Amino acid sequence: MALLAANNLSVALTRGGSAFPAISDLSFQLEPGKILGLVGESGAGKSMIGRTIAQLLPSGFSVTGGTLDFAGEDLVTMAPEKRRRLLGRDIAFIPQEPLSALNPVLTIGQQMREHLARIGKTEPARWREHALAMFAAVHLPHGAELLDKYPHQLSGGMCQRVLIAMAFASRPRLLVADEPTTALDVTIQARIVKLIEEMRQHEDTAVVFITHDLRLAAQICDQVLVLYAGRPAEYGPARDVFARPAHPYSRCLQLASPGMGSERRGLFILPERMPGLQAIKTLTGCRFADRCPNVVAQCRTSEPPLAKVDGERVAACIRPEATAAIEPPPAAAHAKVTGETVLEASGVSKDFVTRRRLFRAPATFRAVDKADFVLRENEFVGIVGESGSGKSTLARLVVGLESPSQGRLTLLGRDVTANRTSERAFRREHLQIVFQDPQSALNPRRRVAGIVTQAMEAAGGGTGTERLERARALLDEIGLAPETALRYPSQLSGGQKQRVNIARALCALPRVLVADEIVSGLDVSVQAQLLDLLLRLRQERGFSMLFISHDLSVVRYLCDRVLVMYRGEIVESGPTETVFAAPSHAYTRALLASVPPDDADAAWNRDDGGDLALVERA
Amino acid sequence: MTLAAMPRWLRSGRVLIGLLILLFVVTCALFAPYLAPNDPNEQNLIATLLPPAWADGGDPAFPLGTDSLGRCVLSQLIYGARLALTVALIASFGAMIIGAVLAHVAGYFGGWVDWLIGRIVDIWLSFPPVILSLILMVGLGTGVQNVILAIVLVDWTRFCRVLRSEVIVVTRRDYVAAARLLGFSHWRTVTREIAPATFPLLITLLSLEMGVAVVVEAILSFVGMSVGADIPAWGQMVADARQNIYQAPWNLICPILAIFITVFGFNVLGDGLRRTLDPRLSQTERG
Amino acid sequence: MFATIAKLLARRILVSIPILLLVSMLLFMILRVLPVDPAAMSLPPNATIEEIEAKRVEMGLTLPLPQQYAIWLSQVAHGDFGTSIQLRTSVTRLIGQTLPATIELAVLAMAIASALGIAGGLLLFYLRGTRSETVLDVGSIALLSLPEFLWGLFLILLFGVWFEFLPFTGVLSAGYQKPDITGFLLVDSLITGQFATFWNAVQHLILPAFALGVSFSPPIMRVLRSSLLDVYQDDYIHQARLRGLSERRILIGHALKNAILPTLSLMGVQFGFLFGGTLLIEIIYSYPGMGNLMVDAIRNTDLPIIQAVGLTYCVVVLVISILVDSLYLILNPKLRTR
């Protein structure tokens, strides 16, 4: 018998007397010891399912139909007290943001003790032993010291291990993991996933694994359910779904993310975006029809039901046989690195003062250690590394937001290390930055036209009409409608905001662009659009770029050369293909090993990078 | 104008209540000579401590009765609004200008400037406001200008403290760094990128400060450190009425109510503005 | 843990010393611009110009201002605030007589403000999203709009004049003997076993302390409420629910411990203001504390008293803020651990 079973489950937001469907007709079965992957982009409703299991829906949302049975009892109609007794005992949750999921004013021990006392598996007096045993099970070293620590003294990975220890302390029958690795560094991601698999095997726990990463789901899950706009698009054995997607959306999702396989391929560009709650209500046909490359007239007349495709697989598509025909465009070739050098760093270091001391030199922390690199004309260079590796500091040094403690920075043959006023003007003219978070990078009180032409404003030139003209031209270039010029950032989607962000940097026609994690946090379909935009812009107007990212597959797709940073040092550099095919540094190997392979049947060899001691830092 | 076309802040019930109350007080102040039934300073020694007109022994010529010198309580209240509002408006604007400028300088530039301004605020905070304003009044001498000056010198820290942390939050946003990298001068960055973001908080604080200024003026005139006896002041009325608390409690209640209603108007307006303008609700509370 | 707290506290106290110096300098400067002559004031009205001039030299008023300040400061450092011009007694003794009464009033008022503030904040939070919350919320704005001296007068009218069940002048009714050991009336009457005196003193304290406490409670209420609302948006509250903890346990065990932190830092500032508020309450209730001493001194331009009392207020405010800061340190692990 299935441990968790959804039967035509529907969730809707009720506002102003009308209901907007958030989840429609969801059915699945999860057996003990199995892993079900819920896959989709943001807005697909995957996290809503996690919340429905706990019946902790955001205000206004409620279950409008169907059942969600846990061990034969419907969680929706169950008495709240009874359901609460299940939570934390039989049903455990692992959150997305481990650092903020632990109470900051209580020690790990206090929180562990409270949880162990509630689940009541051990005598209160022996909670310590139980806690330490759990810490050992999740491979947390120095468990006894950990009990007296506060969450802010631990790294994200350690917090997640503590939360996993808590989740498994009650030997739960069901575990819900909502994007448990998204907030963590890639090398740690792989190990957390491994740990969840391990614990699952040990306790025979059923797992609902929520993720946006189809590749990851294919590797670890038994079953996969792909969601689109609140509705299941495809449901079946993980390997089948990944190897031969039946629904065009699954296929597009797969092709939109850059691969790590031997052959570099182009990205499939999905137009527009997923319909929101408002739009879904008025849609009549298939919810994916507007973006589907295989759409036919019939798709728009009625919502296609989930139909059997092969074996145990179902898909909500009337022409699943056509899906395999969807092919990615050919890959844009990497540029030949021959041009003149536009940017050069030699021995650049940056020390930050961590503590000022009386009568002694202040304590410092070296964020970037003797970085050497060159960036040539029309070249895209990727900088990869995990958080704290110094890659963002290096970007800030290059654009002049920080000054180097040592070394020399040369831009177009001119020394700009000292960052004096004249150098600043020179640097501004030829070098611009695109910030990571468009939410923070775009002034919410300015219209788009004002934002993208800020460079003209700074130069003191341009009448209102001139600026509007320039803004329209820029927006056209980055693929936004001209009427966007009069909008405010809050009226744009995440992808559109990031385009505006790029347009602003391009307004002054710089020769070098520094891009700091500009596609992280975006859905793969939006990411693909932006990556292609950058490649197209390079072809049209020509510029060089330093592209900082933690995502290896993106760097591989976009960049001609790559620099690998580890603890402030550039440990490896070279042409992208060479580095990825034959990594020489242990850290690079660890990084590459942590990415799930493209082929679902290939074994995912997740060794911790052999000789390199990757200690999770506190 | 339809309801939907009105700016969001004007649709808040609290803002409307606040504005209505203040409109009433402002009307009293502006048209005091036409509204007041008597000369507020005219003494009527044969009709002292009269109760309100509707009570036993009341005189219709003095709707709210008379004080111990036979002055008309209603007229004094109406004229008292002039002093209260003058002080509230000018003093709070003055405090706002000093506080806001220092807050932006400290929060934007950081470093030693921030440290210095922070320490000055610390020094100010170690004086209880009542004590500091009294000591300043001792030093400055009485008079409307000095009352205003004292309030400005005491209360600029209220703006500085709260705004500084907001400026720091905004300054850390990437769009400020982006503007600098595109070549915006410090002045343009602060005025075009930062100040518009702190403006809602500023307006809210200003409204709350006006209420505080009314109270401080009342306190100063209550202890006789505000203006001369010939200018009607609510605090002065409270102090006078205290002497006859048993015979004429009405004399005490009237000015208390006047102060309360005016301050309530400013506070309700400020709260309404805070709710509609301030994205992070809790901010201003910590002022 | 205690070592770190002690270290941080020591630093905090060290920082307040220069602040106190600057405060005293500020006080000294403000009062020196006064157009009055302390020398003339301390002599009989029929004193000759020469006598006044001699007195000026004797009092050190002819010296340069920085030097005058230095002399005054070194006296203060030895606990000597000079002699009152009007009362002709040691200012140090005057403060010693009045400070305990003021502290007693302030401490009681702080207790009342905290109790009302925390209870009100919890109530406002508990009623979030309901109609009664709006009523209570506007009610708290109304409370906020009645400053302490008006509360004082209002309570006198209500309980002193109309219902006549509480006294509202002084600290003791006629016929009670004031025990004098520590200067703190409540403490002294208890340790000497004079329970009738204790009870009478409590009755005298109720109205002024309540007036002061209630007028400083609304900001505490409102900040606690909004901090709780903020905290309930945090992930760890959601995670605690997912772990199956009861709402009660979440509020007491998790939310309150976080929400109290911003509330506490507001209380630090509020209690400083409250201590200044004792001045008005003391005047209104004819309470023999520092406030009345100060106002009398202002009326008589008695500079030594004004300076000394002003400085004493600042010292107490700094002590309050150090105490609140140390409580904050104990409750917030982020500040004492790295």
How much net charge surrounds C:Ala109 when only other residues with a Cβ under 14 Å from its Cβ are counted (Lys, Arg +1; Asp, Glu -1)? -3
In Å², nearest 10: area of C:Leu136 left accessible to a 1.4 Å probe: 70 Å²
So if I restrict to the alpha-carbon atoms in the protein assembly as shown, what is the Rg, and what is Dmax, the biggest pairwise distance, in Å? 35.9, 119
Binned at 5 Å starting from 0, the alpha-carbon pair-distance distribution of segment C:200-309 in whole percents comes out as 2, 10, 15, 13, 12, 11, 10, 8, 7, 5, 4, 2, 1, 0
Mind pulling up the Rg/Rh value for segment B:10-109? Radius of gyration and Kirkwood radius, both on Cα. 1.21
Could you state how much accessible area is buried at the C-B interface, both sides summed, with a 1.4 Å probe, in Å² to the nearest 100? 4400 Å²
Longest segment of chain A with no GluC sites (Glu not before Pro) in a DSSP loop having at most 10 other Cβ atoms within 10 Å? A:341-618
Could you check what % of the DSSP bridge pairs in the protein assembly as shown are antiparallel, to the nearest 5? 60 percent
Distance in nm between label sites at C:Thr134 and A:Ala331, each 7 Å beyond Cα in the beta-carbon direction? 6.2 nm
Report, to the nearest whole %, how much of the accessible area of segment A:91-169 belongs to carbon and sulfur atoms, 1.4 Å probe, protein only. 54 percent
Stokes-Einstein D for chain B, Kirkwood Rh over Cα pairs, 20 °C, 1.002 mPa s (µm²/s): 103 µm²/s
Hey, what did segment A:513-579 get for relative contact order, percent, Cα under 8 Å, at least 6 apart? 28 percent
Compute the angle between helix C:65-77 and the longest alpha-carbon principal axis of chain C, please, reported from 0 to 90 degrees and rounded to the nearest 10. 70 degrees
Provide the gained length on full extension for the span A:Leu57 to A:Arg300, in nm with one decimal, where the gain is 0.36 nm per separating residue minus the Cα-Cα distance. 84.4 nm
Label-point separation, A:Thr282 to A:Arg356 (7 Å along Cα→Cβ), nm: 6.0 nm
Calculate one ³J(HN,Hα) per residue across segment A:319-328 by plugging θ = phi - 60° into the Karplus curve 6.51 cos²θ - 1.76 cosθ + 1.60, and present them in order as whole Hz with x for glycine and proline. 10, x, 5, 7, 4, 4, 6, 5, 10, x
In a shell of Cβ-Cβ distance under 14 Å around B:Val263, excluding B:Val263 itself, what net charge do Lys and Arg (+1) and Asp and Glu (-1) give? -4
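Hey, could you grab the Kirkwood Rh for chain C? Inverse mean 1/r over distinct alpha carbon pairs, Å, one decimal. Walk me through the numbers on the way to the answer.
Details: mean 1/r = 0.0434 Å⁻¹.
About 23.0 Å for chain C.
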At q = 0.11, 0.17 Å⁻¹, what is the base-10 log of I(q)/I(0) for segment B:38-184 according to the Debye formula with one equal point scatterer per Cα and no solvent? Please give it to two decimals. -0.64, -0.95
If you take the alpha carbon radius of gyration of chain A and divide it by 2.2 N^0.38 Å, what ratio comes out, to two decimals? 1.02
Average partner coverage of C:232-238, which counts Cβ from other chains inside 10 Å: 5
Kirkwood Rh and Cα Rg combined as Rg/Rh, segment C:12-94: 1.02
Length-normalised contact order of segment A:91-169, Cα under 8 Å, at least 6 apart, in percent, tallies to 47 percent
From the P(r) of segment C:107-234, could you give the percentage of C-alpha pairs in the tail past 18 Å? 62 percent
Probe 1.4 Å, all protein chains present, accessible-area order of C:Ile19, A:Ile570, largest first: A:Ile570, C:Ile19
The Cα extents of segment A:330-419 along the principal axes, largest first and rounded to whole Å, are 60, 30, 18
Mean separation of Cα contacts under 8 Å (at least 6 apart) over the residue count of chain C, i.e. the relative contact order in percent, is 26 percent
What list of ³J(HN,Hα) couplings, whole Hz, do you get for segment A:286-294 from phi and the Karplus terms 6.51, -1.76, 1.60, once you set θ to phi - 60° and write x for glycine and proline? 5, 5, 8, 3, 5, 10, 7, x, 9
Among residues other than A:Ala395 whose Cβ falls under 10 Å from its Cβ, what is the net charge (Lys/Arg +1, Asp/Glu -1)? -1
Work out Dmax and Rg for segment A:114-272 from the C-alpha atoms and quote the Rg first, both in angstrom. 18.9, 60
Give me the three principal axis extents of segment C:36-78 from the C-alpha atoms, as integers in angstrom, largest value leading. 35, 18, 16
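The values are calculated or read from the model by the stated rules, or taken from the named source; none is laboratory data. What you see is a predicted model, and the numbers here were worked out from it, not measured in a lab. Methodologically, a virtual Cβ is constructed for each residue, glycine included, from the backbone with ideal geometry; neighbour enumeration extends over all protein chains shown. Just the protein is used for accessible areas: all its heavy atoms, side chains included, with ligands, DNA and RNA removed. Shrake-Rupley method; radii C 1.70, N 1.55, O 1.52, S 1.80 Å.
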